[in-house]
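Presented below is the structure to which this report refers.
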Amino acid sequence: MKQFKALLIKEWHTHKFNFLIPSFVLGAFLVLATLISIYGRIRYGGSVLTFGTEGEFNAVMVLRNLHYVLAAIVGYFGLATSLQLTDTLLNSDYQKKCEIMHHSQPVSLVKMLAAKFVFSVPMVLVQYLILTVISSLILSAVSAYFGFNSWGIGLKAALSPFFLIFIATMVLSSLVSLFASVFRKQSTLKLILTLILIEALRLVLMRVWGAPEIFSPLSYYVKTFTMPFEAISFQGAQASLVLENAFNQKNLISLAVSVLMYIAGYFFYKRRELS
């Protein structure tokens, strides 16, 4: 356990700036929004929000969607950070020419890769949850200023996309991890080119030779990436419907496949030559 903790601390000290990018972005956004609000208050004075006649404005649905969208945006920054860290953690030692030194430590490869996974996925998701709660509370305070109480529905809506973000992070990071384990340089570029090539071959087979509908990896991963925002159409992003959509059979299969891809990445990483 001490070894694993030491590995996590090592990853933190080495990659903490990249890890904290979602926090930096959210902090900069809040500062900018505050400055704009102060300027608007000084320049134009206070104003009262109006939403037309009664029945034209569904405050609950609008506020729920606002909280959900803000949480999803924060989640996408977390997802991008996770993907970037996954590639960096696996190949930064090679690029810095210290791969042999780090692998000569009296630590098993399983522990090393497990620490990299925990740092790039679960810990990023924990950061995302913290930032989501903070941003939801701030948005609730702003809405309360205008007379709308959204503390309860805000937190519920803000936390509801977590499982969709979790699934998207696992599926996409496992793919990035597999390619980063195989290719030490420009693995992300090679991943994108591979998906585009497969898509081109799929279209050729379907249109030239009249092959039946063939599974599209590119469309699958794009749909996985956009999945959290698709849930907004579920009657104002209701938490129960979002959770029901998150744990359908298709997503559970996707999670199982992502675990297999992590395992495959481990065997590729284990067999590559150190330098």
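Below is a table of values for the structure above.
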| quantity | calculated |
| --- | --- |
| Cross-link pairs beyond the 25 Å C-alpha cut-off, checked among Lys97/Lys190; Lys10/Lys97; Lys5/Lys156; Lys96/Lys223; Lys5/Lys270 | Lys5/Lys156; Lys96/Lys223 |
| Exposure proxy ranking, count of Cβ atoms within 10 Å, fewest first, for Lys111, Lys96, Lys116 | Lys96, Lys111, Lys116 |
| Residues Val171, Val257 arranged by fewest to most Cβ contacts within 10 Å | Val257, Val171 |
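No lab work stands behind these numbers, since they all come straight from the coordinates. Since the structure is predicted, the reported quantities are computational estimates derived from the model, not experimental observations. Note: ideal-geometry Cβ built from the backbone for every residue, glycine included; neighbour counts use all protein chains shown.
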